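Laboratory data are not the source of any read-out in this text; all were calculated from the coordinates shown. Here the structure is a predicted model, which means the values were calculated and not measured. Quick reminder, even Gly has a Cβ in these numbers, built from the backbone with ideal geometry, and neighbours come from all protein chains shown.
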Amino acid sequence: MAMELCQQSSLIDNDTLVYRDIIDEPQWLERYKLTIPVIEVEGQQQVLGWPFDFQQLNEFIDGNY
């Protein structure tokens, strides 16, 4: 569901979208295990954790670019 929301958003450049598996990094697993999927804008300190809807996603992206 989250991936589909990202792909539908005109604010996200899908060519630069990076998908990461939290299993690859123990600290990510510990931090995000209850809120995956998580949207993070590279270089920003904020993340958007699940659950979120299309409007929340766009507001988050718009506020971080």
Quiz prompt | Val18 versus Asp53: modelled label distance in nm, points set 7 Å from Cα along the beta carbon direction | solution = 3.1 nm
Quiz prompt | Debye, to nearest 20: dipole size of the chain, +1 on Lys, Arg Cβ, -1 on Asp, Glu Cβ | solution = 200 debye
Quiz item: If r is the Cβ-Cβ distance from Met3 to Gln45 and R0 is 22 Å, what FRET efficiency results, to the nearest 0.05?
Solution: 0.45
Exercise. With the Cα gyration tensor of the chain in hand, convert its eigenvalues to equivalent ellipsoid semi-axes via √(5λ) and list them largest first in whole Å.
Key: 19, 12, 12
